[in-house]
Amino acid sequence: MLPVRILLSVVLVAGCGLALVLPARSQSYPSRPITLVVPFPAGGGVDAMARIVAARLGASLGQQIIIENRGGVAGVIGTRAAAKAAPDGYTLVMSTSGTTSVNPSLYVNPGYDPLKDFTPVGLIASTPIVVMTHPSFPARSIAELIALAKQEPGKVDVGTPPAGTENYMAAELFKAMAGVDVTIVPYKGTGPLTNDLVGGHLKLAFNTLAPALGNIEAGRLRVIAVASATRVSLLPDVPTVIESGLPGFEAVVRYGLLVPAGTPRPIIDLLNRELRQLVNTEETRQRIAANGGDPLTSTPEEYAADIEREAAKWAALIRKLGLRLE
């Protein structure tokens, strides 16, 4: 039998060895490129936000982050596919309020549950839905738009991204709160929606700022209101929908990161820490602002609570209007 002193030495050495091994294992992530699933087409507002994050988060993690655009059905197809990915930290999902808080109530079978099939990592930014028009559209304010829609019930077309997006739900909310009958025309994404608006094929849209900013600055599009609680810094002269006569009207897109459920907590904590640091850098904040957004940061738990709050808000409207999609 070994003397007690020798046994203690062996235990201490083994313990030190284990202490050295465990941090090494946690520090081994990431050891290869990471995929960021963007469940919307390239060129839109979600894609623009994802590319801001991918470049800077990849640099801080020391690995390339590869963007995988998997658009379709308002983010359902890409998000559903990502839910089946291995929970190892090598698949991230770019999420929006639509994919996390609208689709689960709006679609009969979206194929995923945002808080059962995923774990929130953290919020990134928010951006308001924007009511914009072609310059030839006669209404130049929300009040004039409501008056026009009441004069011509069912004849005013409103373009939005796909059913299930925050933009689409904002148009439904507008119909309900303003008491007007307008025809919602869903597009596959904000890119084609903006193109048709600039071309005059469509005269009115509930759009996002990112894909339209250049055309707004060039005078090819006009913004008549923003759906945030307060005015946005990029458009200080544009009133909110609330200021324009619809008290309580607010529709904002929140962007965040999710990982498949079961991803180890140390990886989630690492991603959250790096995400918060990069969002708080001046360069990232400027990039987000240039795309019409406001930076946001959160813990995973705060993001989960935000998803639940938004889900309750939109689920109530969906039930009230009897909206259900296959």
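The values are calculated or read from the model by the stated rules, or taken from the named source; none is laboratory data. If you're wondering where the values come from, they're calculated on a predicted model, not measured in any experiment. Using ideal geometry, Cβ is built from the backbone for each residue, glycine included, and neighbour counts are taken over all protein chains shown. To get the accessible areas, we keep the full protein, side chains included, count just its heavy atoms, and leave off ligands, DNA and RNA. Shrake-Rupley method; radii C 1.70, N 1.55, O 1.52, S 1.80 Å.
Across region 281-296, what is the number of residues that are more than 12 Å from Gly45 (Cα to Cα), part of a helix (DSSP H, G or I) and of a type outside the set (Ser, Thr, Tyr)? Let's see the steps before the verdict.
Within region 281-296, the first condition is being more than 12 Å from Gly45 (Cα to Cα), and the residues that meet it are 281-287, 289, 294-296.
Filter once more, so that each one left must be part of a helix (DSSP H, G or I): 282-287, 289.
Imposing the further condition that a residue be of a type outside the set (Ser, Thr, Tyr) reduces the set to 282-283, 285-287, 289.
Within region 281-296, residues that are more than 12 Å from Gly45 (Cα to Cα), part of a helix (DSSP H, G or I) and of a type outside the set (Ser, Thr, Tyr) number 6.
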Which residue is nearest to Val38 (Cα to Cα), if the candidates are limited to region 169-215 and must be at pLDDT 95 or above and among the aromatic types (Phe, Trp, Tyr)?
Phe206
Considering only residues that are in a loop (DSSP other than H, G, I, E, B), crowded, with 20+ Cβ neighbours inside 10 Å and among the small types (Gly, Ala, Ser), which ones fall in region 170-189?
Gly189
For region 190-214, enumerate the residues that are in a helix (DSSP H, G or I) and within 20 Å of Ser141 (Cβ to Cβ).
Leu197, Ala212
Checking Pro266, Pro186, Pro260 in turn, the sole residue that is in contact with a Pro (Cβ under 6 Å, 6 or more places away or on another chain) and either under 27 Å from Phe118 (Cα atoms) or in contact (Cβ under 8 Å) with a residue 60 or more places away in the chain (or both) turns out to be Pro260
Say whether the condition of being assigned to a helix (DSSP H, G or I), open to solvent by 10 Å² or more (accessible area, probe 1.4 Å) and farther than 25 Å from Glu326 by Cα is met by at least one residue in region 121-140.
no
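Does Gly43 fit the bill of being at pLDDT below 95, touching a Phe, Trp or Tyr at 6+ places or on another chain (Cβ under 8 Å), closer than 28 Å to Arg276 by Cα and open to solvent by 20 Å² or more (accessible area, probe 1.4 Å)?
Details: at pLDDT below 95: yes; touching a Phe, Trp or Tyr at 6+ places or on another chain (Cβ under 8 Å): no; closer than 28 Å to Arg276 by Cα: yes; open to solvent by 20 Å² or more (accessible area, probe 1.4 Å): yes.
Here the answer is no, as Gly43 does not meet what is asked.
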Within region 76-102, can you find the residues that are open to solvent by less than 30 Å² (accessible area, probe 1.4 Å) and in contact with a Gly (Cβ under 6 Å, 6 or more places away or on another chain)?
Ser95, Gly98, Thr99, Val102
Scan (1) surrounded by fewer than 19 Cβ atoms within 10 Å (Cβ to Cβ); (2) out of contact with any Asp or Glu (no Cβ under 9 Å at 6 or more places or on another chain); (3) modelled with pLDDT under 95 for the single condition Pro161 breaks and write down its number.
(1)
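Just checking, does region 85-92 include any residue being in contact with a Phe, Trp or Tyr (Cβ under 8 Å, 6 or more places away or on another chain) and among the small types (Gly, Ala, Ser)?
Of the residues in region 85-92, the ones in contact with a Phe, Trp or Tyr (Cβ under 8 Å, 6 or more places away or on another chain) are 89.
With among the small types (Gly, Ala, Ser) added as a condition, the list becomes 89.
Scanning region 85-92, I find at least one residue that is in contact with a Phe, Trp or Tyr (Cβ under 8 Å, 6 or more places away or on another chain) and among the small types (Gly, Ala, Ser), so the answer is yes.
Identify all residues within region 250-259 that are open to solvent by less than 10 Å² (accessible area, probe 1.4 Å) and under 19 Å from Thr299 (Cβ atoms); write none if there are none.
Initially, region 250-259 is screened for residues open to solvent by less than 10 Å² (accessible area, probe 1.4 Å), giving 251, 253, 255-259.
Correct list: Tyr255, Gly256, Leu257, Leu258, Val259.
Just checking, does region 316-325 include any residue being aliphatic (A, V, I, L, M), closer than 21 Å to Tyr168 by Cβ and more than 21 Å from the chain's Cα centre (by Cα)? Lay out the reasoning, then the answer.
Of all residues in region 316-325, those aliphatic (A, V, I, L, M) come to 316-318, 321, 323, 325.
If we keep only those that are closer than 21 Å to Tyr168 by Cβ as well, we get 316-318, 321, 323, 325.
In the following step, the residues that additionally are more than 21 Å from the chain's Cα centre (by Cα) were identified as 321, 323.
Looking for residues that are aliphatic (A, V, I, L, M), closer than 21 Å to Tyr168 by Cβ and more than 21 Å from the chain's Cα centre (by Cα), one finds at least one in region 316-325, hence yes.
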Could you go through region 103-120 and let me know if any residue there is open to solvent by less than 20 Å² (accessible area, probe 1.4 Å), part of a strand (DSSP E or B) and at pLDDT 95 or above.
yes
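Every residue, every condition in (1) in contact (Cβ under 8 Å) with a residue 60 or more places away in the chain; (2) open to solvent by less than 20 Å² (accessible area, probe 1.4 Å), yes or no:
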| position | (1), (2) |
| --- | --- |
| Tyr168 | yes, no |
| Leu197 | yes, yes |
| Thr208 | yes, yes |
| Pro211 | yes, no |
| Ala227 | yes, yes |
| Leu234 | no, no |
| Leu246 | yes, yes |
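Within region 147-158, track down each residue that is open to solvent by less than 20 Å² (accessible area, probe 1.4 Å) and either more than 20 Å from Ser136 (Cβ to Cβ) or β-branched (Val, Ile, Thr) (or both). It would help to see each step written out before you state the result.
Kept after step one, since they are open to solvent by less than 20 Å² (accessible area, probe 1.4 Å), are these residues of region 147-158: 149, 156, 158.
Those that are open to solvent by less than 20 Å² (accessible area, probe 1.4 Å) and either more than 20 Å from Ser136 (Cβ to Cβ) or β-branched (Val, Ile, Thr) (or both): Val156, Val158.
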Subset of region 48-66 (residues that are open to solvent by 10 Å² or more (accessible area, probe 1.4 Å) and either among the basic types (Lys, Arg) or within 18 Å of Gly214 (Cα to Cα) (or both))
Ala48, Arg51, Arg56
Just one of the numbered conditions (1) part of a helix (DSSP H, G or I); (2) over 29 Å from Ala85 (Cα atoms) is not true of Gly245; which one?
(1)
Is there a residue in region 299-317 that is under 14 Å from Met49 (Cα atoms), modelled with pLDDT under 95 and open to solvent by less than 30 Å² (accessible area, probe 1.4 Å)?
no
